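Below is one structure; the comments refer to it alone.
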Amino acid sequence: MPQKFYKYHGAGNDFFLADNRAGKLSLSQEQIRRLCDRHIGFGADGVMLLEDSPDAAFRMVFYNPDGSGGMMCGNGGRCIVAFAADLGLVKSGEPITFDAPDGRHQAEILSVTERLSPSFKRLPPVAEPVEATAGKPLSQSPQHDLWSERTVRLKMRDVSGIRTFPDEHACFLDTGTRHLVKFVNCLKDYPVLSEGRTLRGDPRFAPAGTNVNFVEPVPEGDDVVLHIRTFEKGVEDETLACGTG
């Protein structure tokens, strides 16, 4: 039976989402891998299912592109809150509670903006909102195709402990997903892929492995701005952003 998926992104992290409140959708690791593959599939940083929760707005089920799960995704969490709003489950400006792999989270939709979408063909005039074939929720005015962009605030769980590696200028912590944070110089030219693969599989973090955030503090006026590049396990590549990192 055909299944409808929707494509969302948060800060460049892109995901496929599906409404599984009926509990009829079950995906194999191979199906997830093929769906997320950017060469032979459609391409994404993960897949999420929105499911019923007995005492929260919904439950978030998250899968990495390799089919593994059981972890939190910060940008994915913001995307699934926006998805829940598009399904009519939650409203802007109201407190939102949902269950995720690492426990319960609180969120709030701060604003909704409609933007012109140049990537979709003009649709014939209709009286009701429509959906593009790519799955991004669209509304339509007489002159332009528009899509909704939501600003979502998400509370992550508190960090209970930090393991430091002073000789490596690094530390390890769990924000709902495991992260090694390593401070480096010349981040723009840093070998994120090769170093990320090595550290992701470091025996110290076995068997689950870890995401790796490479960070460079850069003075800007009176402030110091942290520039970050991330290698994500499960994606096994650098991603455009990382919400838990």
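Among the numbered conditions (1) in contact with a His (Cβ under 7 Å, 6 or more places away or on another chain); (2) surrounded by 14 or more Cβ atoms within 10 Å (Cβ to Cβ), the only one that residue 178 does not meet is (1). Close Cβ contacts (under 8 Å, 6 or more residues apart or on different chains) running from residues in segment 97-116 that are closer than 22 Å to residue 174 by Cβ to residues that are of a type in the set (Asp, Glu) comprise 105/99.
Listed here are the residues, each with its yes/no results for (1) in contact with an Asp or Glu (Cβ under 9 Å, 6 or more places away or on another chain); (2) hydrophobic (A, V, I, L, M, F, W, C); (3) closer than 24 Å to residue 153 by Cα; (4) in a strand (DSSP E or B).
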residue	(1), (2), (3), (4)
207	no, no, no, no
213	no, no, yes, yes
219	no, no, no, yes
226	yes, yes, yes, yes
230	yes, no, yes, yes
234	yes, no, no, no
242	yes, yes, yes, no
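Look at segment 161-183: where a residue is of a type in the set (A, V, I, L, M) and a partner is at pLDDT below 95 and surrounded by 13 or more Cβ atoms within 10 Å (Cβ to Cβ), sitting 6+ places away or on another chain with Cβ atoms under 9 Å, you get 181/245. Just one of the numbered conditions (1) closer than 25 Å to residue 98 by Cβ; (2) surrounded by fewer than 15 Cβ atoms within 10 Å (Cβ to Cβ) is not true of residue 222: (1). Kindly indicate the residue of segment 181-216 that is in contact with a helix residue (DSSP H, G or I) (Cβ under 9 Å, 6 or more places away or on another chain) and under 14 Å from residue 233 (Cβ atoms) and also surrounded by the most Cβ atoms within 10 Å (Cβ to Cβ) among those meeting that condition. Per the stated criteria, the residue is 212.
Which of the residues belonging to segment 103-114 are of a type in the set (Asp, Glu) and at pLDDT below 95?
Residue satisfying the conditions is 114 alone.
Residues in segment 26-49 that are without any contact (Cβ under 8 Å) to a residue 12 or more places away in the chain and loosely packed, with under 13 Cβ neighbours inside 10 Å: 26, 38, 39, 40. Taking segment 53-90 as the range and being modelled with pLDDT of 95 or more and among the charged types (D, E, K, R) as the test, the residues that pass are 55, 59, 66, 78. If the Cβ limit is 7 Å and pairs must be 6+ apart or interchain, which residue in segment 197-220 that is among the basic types (Lys, Arg) pairs with which residue that is assigned to a loop (DSSP other than H, G, I, E, B) and crowded, with 19+ Cβ neighbours inside 10 Å? Pairs that qualify, where the first residue is among the basic types (Lys, Arg) and the partner is assigned to a loop (DSSP other than H, G, I, E, B) and crowded, with 19+ Cβ neighbours inside 10 Å, are 200/210; 200/233.
The values are calculated or read from the model by the stated rules, or taken from the named source; none is laboratory data. Quantities reported herein were computed from a predicted structural model and do not represent experimental measurements. Heads up, the Cβs are rebuilt from the backbone with ideal geometry, glycines too, and the neighbour counts pull from every protein chain shown.
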